[in-house]
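First the structure, in the form of structure tokens, and then the observations on it.
The values are calculated or read from the model by the stated rules, or taken from the named source; none is laboratory data. Remember, predicted model here, so these are calculated numbers, not experimental data. Cβ: placed from backbone, ideal geometry, glycine included. Neighbour counts: every protein chain shown.
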Amino acid sequence: MGRKRIAGLAALTALAALAAGAAGCTVQPAGAEGERGSPVHIDVPSRTPTAPVSRPPDDADRPSPAAPPSTRQAPRVLWSPGDSGRDIRELQARLRQVAWIFHGPTGTYDELTEQAVRGFQGKRGLPRTGVTDSATWQRLLAMTKEPGRWELYLMGGQPADAPDARCRTGRVLCISKSSRTLRWMIDGRTVSTMPVRFGSEYTPTREGVFSVYWKSRHHVSTLYDSPMPYAMFFSGGQAVHFSADFAARGYGGASHGCVNVRDEEAIARLYEQVRSGDKVVVHW
């Protein structure tokens, strides 16, 4: 090959090398023995990944605002101190069943009832308010039974039965063992009504039609040596009279056959109105 041709090839090779270097590639040289050079590798530099462009989230991307925590509704108040009526009697009767109250039922939400409710609530992990709310009432219902008539009226105050037919004429002390009440009646009209207590099964109060044969304002029993104020005798030693024991214990006790009245003011008024000879009817 002529020198001019060799020089031309060398120049072309140099130009190719410059062009390859400008493109960022490396060219592996041929071996010393004049072997074919290794293939040309193009080393492309890697790009550093860029962080995604931040943008305000669309409405669909925004999380829903957190809902406020649900507030537990306070139990509804049913009864509170000062209330009265049949419902309060049932509350007191049920509290008696679980030994949280020992008086009554009186039908009045008094201080002792408030204390009993507070104690019951505290024992069951309920707020100690002393007020009967729906939560307290449901817990009490689950632990007790429906009180009967006698339980509701242990201290008296129960509605009187309809008057016996023998009570509808004249002046009559109409006494019902079934409702445990005494009606003072004149010519079929009820003047007053009061709760009463009777004798035990061993000393029962006699039933029938009698009349008041003796009145003794400050009487003391000669048989039992116990006071019998406002006594109105109608059958042997049996009389209608005030009983301090009945006023204190209610139907937890019994008389020795007399008809006990627990309201001293009521029997004091009755004593002034009743005359000797007035009729007495004791019935179921």
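Results, tabulated for the structure shown:
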quantity	calculated
Qualifying residue in the range 177-199 (condition: over 16 Å from ASN260 (Cα atoms) and of a type in the set (Lys, Arg))	yes
Which numbered condition TYR271 fails, given (1) of a type in the set (Ser, Thr, Tyr); (2) in a helix (DSSP H, G or I); (3) buried (at least 23 other Cβ atoms within 10 Å of the Cβ)	(3)
Helices (runs of 4 or more DSSP H) fully within the range 103-167 counting 2 or more residues that are of a type outside the set (D, E, K, R) and surrounded by 15 or more Cβ atoms within 10 Å (Cβ to Cβ)	111-123, 134-143
The range 86-106 residues that are closer than 13 Å to THR136 by Cβ, paired with ones that are surrounded by fewer than 19 Cβ atoms within 10 Å (Cβ to Cβ) (beta carbon under 6 Å, 6 or more apart)	ARG94/THR144; VAL98/MET143; TRP100/GLY119
So GLY253, is it within 18 Å of TYR202 (Cβ to Cβ), surrounded by fewer than 18 Cβ atoms within 10 Å (Cβ to Cβ), under 46 Å from the mean Cα position of the chain (by Cα) and in contact (Cβ under 8 Å) with a residue 12 or more places away in the chain	yes
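Okay, residues lined up against (1) at pLDDT 95 or above; (2) charged (D, E, K, R); (3) closer than 19 Å to LEU154 by Cβ:
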position	(1), (2), (3)
GLY107	no, no, yes
ALA116	yes, no, yes
GLY119	yes, no, no
VAL131	yes, no, no
TRP137	yes, no, no
